[in-house]
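Structure, as C-alpha cells:
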Amino acid sequence: MRITQGTFSFLPDLTDEQISKQVEYCLNQGWAVSVEFTDDPHPRNTYWEMWGAPMFDLKDPAAVMQEVTTCRKAYPNHYIKVNALDSTRGWETIRLSFIVHRPKHEPGFGLARQEAGGRNIRYTVHSYATDRPEGDRYSTDGGGPDVGR
Amino acid sequence: MGEAQTDKDALDVTQAFKDSHVQEVLDGLDRELVGLQSVKTRIREIAAFLLVDRLRREVGLGAERPALHMCFTGRSGTGKTTVAMRMAQILHRLGYIRRDHLITATRDDLVGQYVGHTAPKTKEVLKKAMGGVLFIDEAYYLYRPENERDYGQEAIEILLQVMENQREDLVVVLAGYKDRMDTFFSFNPGMRSRVAHHLDFPDFTIEELMQIGEMMVAQQKYHFDEAARETFRDYLKRRMALPEFANARSVRNAIDRIKLRQANRLYTHGGMLTREELAHIDASDILKSRVFAEVPDLDAPKGSTGGEEDLAR
C-alpha cells in the first residue's frame, strides 16, 4: 500500500528534476531545507530521524539534491522526506514537506481491534512493517518484512 | 553532410554574444577597473572560449564541459575579488553556473579545530556556494606542510572531490600571492591540474593608482585641487615604497583618512561653510599623513607635520 503523507503524495513519485524544482522554490522563498528519514511511517509519527541539520543560507538546490542522494544510498529501504522551514515569524515552521524516496515494497497498515469494557471495540491502524525491529523493517530482498504473512 | 546542411545549421556568433549580455559585464569591467590590461584580455578570451564552446555543444560538437576552476594570483588590492565577482556574472550569463552569486571563504571557514570538525564545515561552505562561484582567498593557508596533523589537507581533499565530480554545480576560484600559490600547487599537484585558468594580477603603476584615487574621490563627491593632486601623487609614491602597500585598497584607506582630516580641518576652522568648501580637499589634508614624516623624500617634503596613524593597510 502506497503511503500518502505530505505534499504531492497523491501524485506519482516526483522525479529528481521535479524535486530539485520544488527545492528551488523553497530556497527562493528564503526557507531552510532539511532532509529526514524513517522506517516507521505511521501517520502520527512526526519525529523522523534528521539527516544532518537543516541547511540554511543555501542558494541552489544542488546542495539539497546531494544530501538526498547520499541519504538514499545510506537508507535505500527507508522513507525519506524533504522539509522546508520558514522563519519569518521568529521560529521555524514547516511550510512544505514531501516524500522523495520510499521503500520498494510497502506492506501498508492493518486494522487492529481491541475489546474494551462493555463490549466496546477500539480501532487503530497498525503498520505491518513495525512488527520487525527498527532498521530491519524494509529488507533489501524485495519481499518486504511481511513475507509469509 | 553537404554545403546545404552546414548552412542551415550555421549559428550567428555575434547574435549569440549579444543575447548573452556578456558585453555589458566586460564593459563594466573596463569602466570600473583601471589598468589590469592582461587580466582583461584573458577574461575576454575565456568569455569567447565559453561562448564558442556553448555553440559547439548546441550543434553536438561538444564533449565534456570545460573545466572552469581558476586561480587568481597577485598582491593584495589588485582587484582579485572584484574580478571574481565579474567572472561569476559572465559565467552566469553564459549559462555555466545557475546563479551569479559568489561566496568568499578563507581557511577559517573551511578547516575545523578538532578531529571530525573539518568535513562538515567544508561541506557546509561548499553547499552554500553550490550553483555559483566559491572564492577561496589566500588558499595556500589551507595547506600547512610544517604540521602533518593539520586538518587543512582534509579540506583540500573534499574540495578536490567536489571540483572534479560536481563541475556542473560549482566553480572554484583560488586567490593569493603568486609565490605562495606556486608553493601550494607544488605540494598539491592534484589541485594544479584541476585549475584550468591561471590569471596573474600585476601591481598598479603610479598613474593607474592616481586614476583610481581620482575615481574614488569623485564617486564620493569630493575633489582635489591642483596642489592636492600633486601632493597625493607624492604621497602615493612614498606609500608604494612601504612594505605593507596594498595597491587600490591602500588608496581607498588613504582617501578615507584624508576625508577625516578634511572634516577635522573644517571643524577646527569653524564658522560658515560653502558647498564648495565641503567638497574640497586641499594639500594640507594630505600632508598631515605620517607617511610624509616617516618616508624620507623623493622630491622634497613641503612642511610635513607628521604624527598621524597612517600606516595601517
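Quick check on my filter: what residues within region A:54-73 are more than 9 Å from every other protein chain (Cβ to nearest Cβ) and loosely packed, with under 15 Cβ neighbours inside 10 Å?
A:T69, A:T70, A:K73
Going through region B:58-84 one residue at a time, which ones are surrounded by 13 or more Cβ atoms within 10 Å (Cβ to Cβ) and free of Cβ contacts under 8 Å to residues at least 24 places away in the same chain?
Passing the criteria: only B:G62.
Taking the conditions exactly as written (more than 14 Å from chain B (Cβ to nearest Cβ), out of contact with any Gly (no Cβ under 7 Å at 6 or more places or on another chain) and outside any strand (DSSP E or B)), does A:P76 satisfy them or not?
Here the answer is yes, as A:P76 does meet what is asked.
Could you tell me whether B:E214 is closer than 30 Å to B:K237 by Cβ, among the charged types (D, E, K, R) and in contact with a strand residue (DSSP E or B) (Cβ under 6 Å, 6 or more places away or on another chain)?
So B:E214 fails the test.
Taking the conditions exactly as written (free of Cβ contacts under 8 Å to residues at least 40 places away in the same chain and assigned to a helix (DSSP H, G or I)), does B:A218 satisfy them or not?
yes
Would you tally the residues in region B:11-32 being hydrophobic (A, V, I, L, M, F, W, C) and either in contact with an Asp or Glu (Cβ under 8 Å, 6 or more places away or on another chain) or buried (at least 19 other Cβ atoms within 10 Å of the Cβ) (or both)?
Adding up the residues that qualify gives 4.
If the requirement is being in contact (Cβ under 8 Å) with a residue 40 or more places away in the chain and surrounded by fewer than 19 Cβ atoms within 10 Å (Cβ to Cβ), which of these qualifies: A:T38, A:T4, A:T46, A:T15?
A:T38
Which of (1) assigned to a loop (DSSP other than H, G, I, E, B); (2) within 12 Å of the chain's Cα centre (by Cα) is the odd one out, the single condition A:F37 does not satisfy?
Of the numbered conditions (1) assigned to a loop (DSSP other than H, G, I, E, B); (2) within 12 Å of the chain's Cα centre (by Cα), the odd one out for A:F37 is (1).
I'm trying to understand the selection: among the residues of region A:1-31, which are of a type in the set (K, R) and either in contact with a strand residue (DSSP E or B) (Cβ under 6 Å, 6 or more places away or on another chain) or closer than 25 Å to A:K59 by Cβ (or both)?
A:K21
No lab work stands behind these numbers, since they all come straight from the coordinates. Small disclaimer: the values here were computed from a predicted structure and weren't measured. For neighbour counting, all protein chains shown are included, and Cβ atoms are generated from backbone atoms with ideal geometry for every residue, glycine included.
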